[in-house]
């Protein structure tokens, strides 16, 4: 009964005015055993502080990227984060592997104080056993992730197909199945092997934190 209640709580997206692709993605995300992603423009939504997320929803950004969901994007991120951290604290936590471009770490979204708090949050989250952050440094030059941001979900069951989600200002794309996700799996493997991982990634985040004024 407890598991059933948790399952119902995790299905908050069903009644929201989100695109069907995004609803399907959130449903998959809440059950995936492995969550991967490459982020070239901003901190992954699952790891954003409320202030950072709110800054991304500033009027200037909303004019460039119109919200057609009818729901506050900050609230969407908050609920996704609640689901994630509930799972991270459970007996069977998912593996979270996020590759973050150095430009994201250096771009002061919301100002220096907001960005400092955001980087501190990344450092705190990186201490969790099943969370692995990869920093993709400028010095790497051309790399596989230059094609754009994406999120990749993997599942423990043999019969569950991998899922890739790509979000754009105009539309969302959900790709399911090996034939459609294989390229992104290779990109992710390349980024995780060529980027800075472990303590090296932490050092990169700390360096970005120290570079902020104040």
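Okay, here's what the table says:
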quantity: Residue that is touching a strand residue (DSSP E or B) at 6+ places or on another chain (Cβ under 9 Å) and at pLDDT below 90, where the choices are 101, 24; calculated: 24
quantity: Sole residue being modelled with pLDDT under 95 and either buried (at least 17 other Cβ atoms within 10 Å of the Cβ) or closer than 17 Å to residue 38 by Cα (or both), chosen from 151, 167; calculated: 167
quantity: Filtered residues of segment 131-142 (kept if surrounded by 15 or more Cβ atoms within 10 Å (Cβ to Cβ) and at pLDDT 95 or above); calculated: 131, 132, 133, 134, 135, 136, 137
quantity: Listing of helices (runs of 4 or more DSSP H) fully contained in segment 106-214 that carry 2 or more residues being free of Cβ contacts under 8 Å to residues at least 12 places away in the same chain and closer than 30 Å to residue 24 by Cα; calculated: 178-194
quantity: Selected residue [assigned to a loop (DSSP other than H, G, I, E, B) and either out of contact with any strand residue (DSSP E or B) (no Cβ under 8 Å at 6 or more places or on another chain) or at pLDDT 85 or above (or both)] from 41, 3, 35; calculated: 41
quantity: Only listed residue being at pLDDT 95 or above and loosely packed, with under 15 Cβ neighbours inside 10 Å, chosen from 127, 204; calculated: 127
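The values are calculated or read from the model by the stated rules, or taken from the named source; none is laboratory data. All of these numbers come straight from a predicted model, not from anything done at the bench. Virtual Cβ from ideal backbone geometry, glycine too; neighbours counted across all protein chains shown.
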